[in-house]
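Below is one structure, written out as structure tokens, with a few remarks after it.
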Amino acid sequence: MKTQNFLKGSVILLLSAIVTKGLGALFKIPLTYQLGGVGMGYFGCAYGLFLPVYALSITGLSTAVASLVAKEHGACRYHNVRKIRRTARLVFFCIGLLLSIGIWLLAEPFACHTASDPLAVYAVQMMAPAAFFGCLTAVERGYYEGLCNMYPTAVSQAVESIAKVVCGLLLSHYVFTHASQVLAFFPAGTPILPIAAAAAVLGVTLSTLCGGLYFLIRNLFGDGLPKSSKQAVPLRTGKLIRELFRVMLPVALGSFVTNLTSLIDLCTMMHYFDRLQQTKLNALLQKFGDIAADTDFPALVYGAFSGMALTVFNLVPSVTNMFGKSVLPCAAQAWAKQQTNAVVKQLQSVLFITTLLALPSAGGLFLLAEPVMQLLYNGQETACAIAAESLRALLPGMFFLCLTMPLFSILQGIGRADLPVKYMLPCVAVKLIGNVIFLQIPSCSLIGAGMATSLCYALLFGMTLHGLQRILGQPLHWLKPLLPLGYASAMSLVTACLCRNLTQTLPLPVMLLSSVGGAVLMYGIVLLLLEKTANRLKEGLCFRVY
């Protein structure tokens, strides 16, 4: 079976992430046109619950299976490799089934008491089977990743994304075009929007089923292992299960805690906007107009935040996260050789490359938030205005999140995978406290969740960087190399502002294209003129093991 080195594997996963995010945008943008801000609020309720569950059960599962498979495969103990796969399938078949049943049974109390919107129950129920299919797919992905074959993971992600676009949009459209027939299955007086949102969520669930079917078909052609194997003592089932959970739990808890921010938004935003409607309606009317008195206003705000602003917010981190996959094995090898200076160099390099992309992206989105939202979600004027203001509050957090995730990879590479969980806990507490305080103040309620998110990720970056410096035992000198990037980013933003003002009378796509194009051109020119920065860039583009 063909395998890839870490660089080639990272490139495969990077391309897969770009395709997946592109298809994700192709799904959510038309879906927002169909559902509007209120409908996206129902859709976001299901996602807000599912993401932490997915992180806890599935994210760590792939890592655990990959880790154990890689160890046994490297020693040519193929019998044990196959046993790991069989055992993981059985264990997580049961766990996935229990998770799905639990989500289905708890959907109604969750929608009524946590999300403060009983109509979200249909969307949450439609998401429940995805936990089961996700567990089965995660075992297969981890198995092939452990064999150093990233193609199955990349292809399955693409299959899921395509199925999500097709199934989600078609099912949601069918509900709107056959409303009378669909509503006949629901209690009298049920609005059409929560049903359409549930249909879109069902499309997401079906996409996880398609990912599982891809592996089912692929496995018909063999497991990718030779028939011969070195003689080895078979792994005991009990010990194997304990090893799976030993590796899985720290990674899963870290991913779970990271996703708690979305659950906090789900549990607080609609609740506090509903309370503001009851206690401070006049203040809301002054800020938002008559729409603030609408009973669907809390769902509209949450839908614009979770379905629109967060969709754009997550684009850049999903790309920069791939730098962490590249630096992790380098940091692990250097740390194993006790080459601390090499780890410091790699840390500086990954921060430089991440800042190279994240800083101008955050600045550009801050400057062009409204036209970007209007281009992506044309016809949703009120939701676009809410999403643009929320996005601006989120962007400092996006920058710090981009820098933090590769640092988490370095911590994992040097054997301190426990620290991200410890760092995230107080930061999530800051996020919760920030939401509770800011969302109760009408003047800043709209940006309250975004402000709290930015504070959370800024604190997380500071704690992670300080922890790495303490572990490595030497100053990191990370800030000075980044200063030229700040200057280049500032110049690119000035250029974008000038281009926007000069072309504001032209059609929106032309104005955006000229503004972004001018900013990118200026950014490149300034970087090329700064000789030291150019040399630093050449160093940063190649992670080396010293």
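The values are calculated or read from the model by the stated rules, or taken from the named source; none is laboratory data. What you see is a predicted model; the values in this text were computed from it and never measured. Backbone-built Cβ (ideal geometry, glycine too); neighbour counts: all protein chains shown. Please note that ligands, DNA and RNA were not included when accessible areas were found on the heavy atoms of the full protein model with its side chains. Shrake-Rupley method; radii C 1.70, N 1.55, O 1.52, S 1.80 Å.
A few notes on this one:
- The chain, relative contact order in percent, only Cα pairs under 8 angstrom and at least six apart counted: 18
- Shape of the chain, Cα gyration tensor, a/c cut at 1.5: oblate
- For the set D290, D274, solvent exposure ranked by accessible area (probe 1.4 Å, protein chains only) runs largest to smallest as D290, D274.
- Of all accessible heavy-atom area on the chain, the percent that carbon and sulfur account for (1.4 Å): 68
- For the peptides 367-379, 97-109, the ranking by packing is 367-379, 97-109, with the highest mean count of neighbouring Cβ atoms within 10 Å listed first.
- Computed extension gain for R86 through T190, at 0.36 nm per residue and net of the alpha carbon distance, reaches 32.9 nm.
- Protection proxy ranking of 476-485, 392-401, 500-509, 183-192 - average other beta-carbon atoms within 10 Å, highest first: 392-401, 476-485, 500-509, 183-192
- Taking label positions 7 Å along the Cα-Cβ direction at both H113 and I441, the computed distance is 3.2 nm, reported to one decimal.
- For the chain, adding -39500 (n - 2.57) for each run of n ≥ 4 DSSP H residues and dividing by the number of residues yields -28000 deg cm²/dmol at 222 nm.
- Taking the Cα centre of segment 322-472 as origin and assigning +1 to Lys and Arg Cβ atoms and -1 to Asp and Glu Cβ atoms, the resulting dipole is close to 680 debye.
- 1.4 Å probe accessible area per residue over segment 396-452, in Å²: 32
- Cα-Cα over 31 Å, subset of K337/K480; K83/K431; K71/K164; K71/K337: K83/K431; K71/K164
- The chain - charge dipole about Cα centre, Lys and Arg +1 at Cβ, Asp and Glu -1, debye rounded to 20: 2520
- Accessible area (Å², per residue) of segment 459-526, counting only protein heavy atoms and a probe of 1.4 Å: 55
- With the highest mean first, a sort of the peptides 417-429, 292-304 on other beta-carbon atoms found within 10 angstrom per residue produces 292-304, 417-429.
- With each label modelled as a point 7 angstrom along the Cα→C-beta vector, the I433-S318 pair spans 3.3 nm.
- Prolate/oblate/rounded label for segment 397-520 (Cα gyration tensor, a/c 1.5): oblate
- Dipole of the chain computed with +1 at Lys/Arg Cβ and -1 at Asp/Glu Cβ about the Cα centre; of M491, V201, H477, farthest Cα towards the positive end is H477.
- Modelled spin-label separation between Q339 and T295, with each label point placed 7 Å from Cα along the Cα-to-Cβ direction: 6.7 nm.
- Mean Cα-pair separation over length for segment 387-515, i.e. relative contact order, pairs under 8 Å, 6 or more apart, %: 27
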